[in-house]
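Worksheet: the structure to be examined is printed underneath.
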Amino acid sequence: MGKHSELFAQTMGLVYPIIILYGFYIIYNGHLTPGGGFQGGAILAGVFTIQYLTTDTKNVSLDILNRIEKTIYLLLLLTGILIVFYMNQELTLIQKSYYLLLMNTLIGVKVSCGLTVIFYRFVLFESR
């Protein structure tokens, strides 16, 4: 496509780690503050979008991301079923926190993979 700004590419190279840390911060504090898996996953998917805009190359395997997303969805279902059917006694506050942290992490990874796949599908296959 077009020529990309070297300044933009260098700046975004410095900003990637900050965006990733902020995305994980939103995911891991989702049970305590506003935010959570969906919001953090959307922020993490933004890293892949910015990478495409700075380099204009596809360094991501859509097949692998799609498989990861499906596996995470299965883990989300199994975790919820496990908690409801096998741990039906009252959970302590610590157990609830760990459960919410696990669910936020799984949702964050799933949303990140899903939004990245959607973005690349639109850019690579639907833009013709």
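The values are calculated or read from the model by the stated rules, or taken from the named source; none is laboratory data. Since the model is a prediction, treat every value here as computed from it, not as a measurement. Heads up, the Cβs are rebuilt from the backbone with ideal geometry, glycines too, and the neighbour counts pull from every protein chain shown. The accessibility values were calculated without ligands, DNA or RNA, using every heavy atom of the protein model including side chains. Shrake-Rupley method; radii C 1.70, N 1.55, O 1.52, S 1.80 Å.
Some observations on this one:
- For the stretch 45-71, a residue qualifies if it is part of a helix (DSSP H, G or I), farther than 16 Å from residue 10 by Cα and open to solvent by less than 30 Å² (accessible area, probe 1.4 Å), and the qualifying residues are 45, 46, 62, 65.
- Residues of the stretch 88-95 include none that is open to solvent by less than 50 Å² (accessible area, probe 1.4 Å) and under 19 Å from the mean Cα position of the chain (by Cα).
- Beta carbons closer than 6 Å, at least 6 apart along the sequence or on distinct chains, pair a first residue in the stretch 84-111 that is modelled with pLDDT of 85 or more with a second that is outside any helix (DSSP H, G or I) for 100/31; 104/30; 104/36.
- The stretch 47-64 residues that are under 14 Å from residue 125 (Cα atoms), paired with ones that are not in a loop (DSSP other than H, G, I, E, B) (beta carbon under 8 Å, 6 or more apart): 58/52; 58/120; 58/124; 62/117; 62/120; 62/121
- Which numbered condition residue 78 fails, given (1) surrounded by fewer than 13 Cβ atoms within 10 Å (Cβ to Cβ); (2) in contact (Cβ under 8 Å) with a residue 24 or more places away in the chain; (3) not small (Gly, Ala, Ser): (2)
- In this structure, residue 10 qualifies as open to solvent by 40 Å² or more (accessible area, probe 1.4 Å), over 20 Å from residue 124 (Cβ atoms) and not small (Gly, Ala, Ser).
- Every residue from the stretch 14-44 that is surrounded by fewer than 17 Cβ atoms within 10 Å (Cβ to Cβ), without any contact (Cβ under 8 Å) to a residue 24 or more places away in the chain and of a type outside the set (A, V, I, L, M, F, W, C): 17, 22, 25, 29, 33, 34
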